[in-house]
Amino acid sequence: MIIAIDGPAASGKSTAAIGVAKCLNITYLDTGAMYRAVTFGLIDNNIEFENSTTIKRYLETIDIKFSESSSGLSLILNNRDITKEIRSTIVTEKVSEVSALESVRKSMVSIQRKMAEIDDCILEGRDIGSVVFPNADFKFFLIADEKARAERRLEDLKAIGEESSVEKVMSDLINRDYKDSTRKHSPLKKPNDAIIIDTSDLGINEVIDKIVNIVNQKRTLQ
Ligand code: DC
């Protein structure tokens, strides 16, 4: 079974997907973290985003893994734990540029399809229901108003010790959503057959319950 959750930045996708994965005892894949990992890797290796040949070569050398730890899911890039680094402002500012590159998308989509082959999976991102798994068993599209999203992202930043303001975070989110929705390859777009959930005024458990109920109802009917 594949459950796809897409939506704009900070719409509550990760928290919802983690909770649903726990409830249904299935695997969770944070595909945004993978694009963030590549962005971190390129910056760390001083590879310019315009240098398509070097980027292609770099993509052939990377090994991305998720590892379950007591503090949650860790992202391991070539044996290095970069869970904290991928949430930094510098990576967040550059990730839309990197995730718009065709070679990066091809490589990540291929890894995501392989990772999801093994188990029942819930994947969250921007193109899961539209491109990665167009035949997913369930497709959800999460939205939330800008203020709710900015406040959530500010909390994420605080957790890694970065200071910011609601205004700055909100303008960064709007900017990133614009880039993610207007890029040439696999732009963020609601699939026609996705169920929309507005999480602005919902608690996390309400979002998780909604998704789990829809999945369980359909599974009981089958
Ligand atoms: O969900 P996130 O904020 O961690 O995602 C980071 C960036 O990665 C997002 O701005 C766009 C990109 N992304 C993507 O292009 N496709 C996905 N499936 C997931 C994320």
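Return yes or no: is Ile5 within 13 Å of the ligand (Cβ to nearest atom), closer than 30 Å to Thr220 by Cα and in a helix (DSSP H, G or I)? No, not satisfied. Residue check: is Thr53 among the polar types (S, T, N, Q) and more than 14 Å from the ligand (Cβ to nearest atom)? Taking the combined requirement at face value, the residue satisfies it. Annotation note: of Glu146, Glu162, the sole residue that is touching a Leu at 6+ places or on another chain (Cβ under 9 Å) and more than 12 Å from the ligand (Cβ to nearest atom) is Glu146. Here the condition is being over 16 Å from the mean Cα position of the chain (by Cα) and touching a residue at least 60 places away in the same chain (Cβ under 8 Å); of Asp120, Asp156, it holds for Asp120 alone.
Set side by side, the residues Thr199, Thr182 differ, and just one is out of contact with any strand residue (DSSP E or B) (no Cβ under 8 Å at 6 or more places or on another chain) and modelled with pLDDT of 95 or more, which is Thr182. Does the range 167-181 contain any residue that is closer than 27 Å to Ala100 by Cβ and assigned to a loop (DSSP other than H, G, I, E, B)? No: zero hits.
Conditions tested, residue by residue: (1) within 30 Å of Ala194 (Cα to Cα); (2) surrounded by fewer than 21 Cβ atoms within 10 Å (Cβ to Cβ); (3) among the aromatic types (Phe, Trp, Tyr).
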position: Val38; (1), (2), (3): yes, no, no
position: Ser74; (1), (2), (3): yes, yes, no
position: Ile122; (1), (2), (3): yes, no, no
position: Val131; (1), (2), (3): yes, yes, no
position: Phe140; (1), (2), (3): yes, no, yes
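Just the residues that are surrounded by 19 or more Cβ atoms within 10 Å (Cβ to Cβ), assigned to a helix (DSSP H, G or I) and not charged (D, E, K, R), please, taken from the range 142-153. The one that is surrounded by 19 or more Cβ atoms within 10 Å (Cβ to Cβ), assigned to a helix (DSSP H, G or I) and not charged (D, E, K, R): Ala150.
The values are calculated or read from the model by the stated rules, or taken from the named source; none is laboratory data. Since we're looking at a predicted model, the values are computed, not measured. Note: ideal-geometry Cβ built from the backbone for every residue, glycine included; neighbour counts use all protein chains shown.
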